[in-house]
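Below is one structure, written out as structure tokens; comments come after it.
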Amino acid sequence: MLKLIDNPPEWPNGARCAVCFAFDLDAESLLHLYYPEDSRRRITLSSALRYGPNVAVPRLVRIWNHFGIRQTVFVPGWCVETYPHAIEHLAEAGHEIGHHGWLHERVNSLAPADEAKVMRAGIKAIEKVTGKRPAGYRCPSGAFSPATLDLLLDEGFSYDASLAGDDVPYLIENDRGSIIELPSDHALDDWPQYMNSRDFNHMLPIQSPAQAMAVFRAEFDAAWSGGGLWSSVWHPFLSGRPARAQAMVDLLEYMTSKGGVWFATMEEIGNHIRGLMDRGEWTPRRERLPFWEQPVPQIARPIV
């Protein structure tokens, strides 16, 4: 059989692939970030975003408990403080709480000192509610900055889940050290499938759950065939709605029936990869950051 995924690691118990239904619990962080002076008037948008911690999270916990799996939810620190009941519910059920900024800031638009402030505020919020430091980080909006890797190393994170540079875990590194990268891809994001909002200037047609799941299932089949990592970028207020949640149940049943799937938190996946590396059983590909130190000269420019 033709193998399309290079250098897949060995997964536990002979599994064919690793799967994490990783969610981003953003709640109203985006509302307050983009409309700081006008958030009080956007009540309809706020109600839709609040659906995530108030209604969707209990539904997700019920689904994951039914299948006997533990998964990962990345949460901005402000959301942790604002909706502690949702975070406690997830943590008590054994699910991982990962770091996702403070107010969903695009940190590549911040000064390094401000990015560090955001990073530490998020850590403190998660520690306060869960009793432990977050092991992993997913950069809001994928806005990884030139300073992010140094901050992750400084704060002792064990993995990052922000980038999209491979089909299996790999290492990102600089002169100061390296960290395990657990990549995903925009094809595994529910935002382009379900999100339609004038407030966020995102007006793509809403896809049916069946159409969305066709994409997610195809990505899973490819990961399963090649030994890859299937890790979603889903949002409770989108994928936690009843029809979409039912489609997720159907997808989980399909994955389970196919067999050879290791359902795990991102922290568990990162720890497994670290163990393979420490024992000399697998060598990941490495990428050095930053990719470009200086702007690339252009020999021709468009006419303005």
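The values are calculated or read from the model by the stated rules, or taken from the named source; none is laboratory data. Keep in mind it's a predicted model, so treat the numbers as computed, not measured. Cβ coordinates were reconstructed from backbone atoms using ideal geometry, including for glycine residues, and neighbour counts include every protein chain displayed. Accessible surface areas use protein heavy atoms only, side chains included; no ligands, DNA or RNA. Shrake-Rupley method; radii C 1.70, N 1.55, O 1.52, S 1.80 Å.
Loop-only check: which chymotrypsin sites (Phe, Trp or Tyr not before Pro) in segment 213-304 are DSSP coil with at most 14 other Cβ within 10 angstrom?
Answer by residue number: 291, 292.
Under the rule of at least 5 residues apart or a separate chain, name every residue whose amide H is placed under 5 Å from the amide H of residue 261.
Excluding prolines and chain starts, which carry no amide H, the hits are 16.
Would you mind pulling out the separation of the Cα centroids of segment 12-28 and segment 157-201, in Å?
About 12 Å separates the Cα centre of segment 12-28 from the one of segment 157-201.
Would you work out what percent of the accessible area of the chain, with all protein chains in place, is carbon or sulfur (probe 1.4 Å)?
Within the chain, the accessible surface is 52 percent carbon and sulfur.
What are the residues whose amide H is under 5 Å from the amide H of residue 172, where those residues sit 5 or more places off or on another chain and H is modelled from the backbone?
Residues meeting the amide H criterion: 179, 181, 287.
With θ set to phi - 60°, apply the Karplus curve 6.51 cos²θ - 1.76 cosθ + 1.60 along segment 10-21 and write out the HN-Hα couplings as whole Hz, x wherever there is a Gly or Pro.
6, 9, x, 6, x, 4, 7, 7, 10, 10, 9, 7
Could you go through segment 289-304 in sequence order and give the Karplus-derived ³J(HN,Hα) for each residue, using 6.51 cos²θ - 1.76 cosθ + 1.60 with θ = phi - 60°, rounded to whole Hz, and x for Gly and Pro?
With the stated coefficients, segment 289-304 comes to 10, x, 5, 10, 7, 9, x, 7, x, 9, 8, 8, 10, x, 6, 6 Hz.
Say each of residue 298 and residue 7 gets a label point 7 Å from the Cα, pointing the same way as Cα to Cβ; how far apart are those two points in nm?
It is 3.4 nm.
So, in Å, what gap is there between the alpha-carbon centers of segment 258-304 and segment 209-246?
Centre-to-centre (Cα) distance: 21 Å.
Not counting the cut sites, what is the longest span of the chain without trypsin sites (Lys or Arg not before Pro) that DSSP labels loop and that have at most 13 other Cβ atoms within 10 Å?
4-131
In segment 234-295, which GluC sites (Glu not before Pro) fall in coil by DSSP and have 14 or fewer other Cβ atoms within 10 Å?
Within segment 234-295, the qualifying GluC sites (Glu not before Pro) (loop, at most 14 other Cβ atoms within 10 Å) are 281, 293.
Rolling a 1.4 Å sphere over the protein heavy atoms, what is the accessible area per residue of segment 33-177, to the nearest Å²?
44 Å²
To the nearest 20 debye, what charge dipole does segment 1-140 have about its Cα centre, counting +1 at the Cβ of each Lys and Arg and -1 at the Cβ of each Asp and Glu?
Here segment 1-140 has a charge dipole of around 220 debye.
Over the chain, what is the percentage of antiparallel beta bridges among all DSSP beta bridges, to the nearest 5?
20 percent
Rg to Rh ratio, the chain, alpha-carbon atoms and Kirkwood radius?
0.96
With θ set to phi - 60°, apply the Karplus curve 6.51 cos²θ - 1.76 cosθ + 1.60 along segment 125-131 and write out the HN-Hα couplings as whole Hz, x wherever there is a Gly or Pro.
These are the phi-based 3J(HN,Hα) values: 5, 5, 4, 5, 8, 9, x Hz.
List the residues whose amide H sits under 5 Å from the amide H of residue 24, counting only those 5 or more places along or on another chain, with H placed 1.01 Å from N in the peptide plane.
Hits under the 5 Å cutoff: 74, 234, 235.
Taking the dipole about the Cα centre of segment 139-240, with the C-beta of Lys and Arg at +1 and of Asp and Glu at -1, give me whichever of 228, 162, 216 is farthest to the positive side.
Projecting each Cα onto the dipole axis, the largest value belongs to 216.
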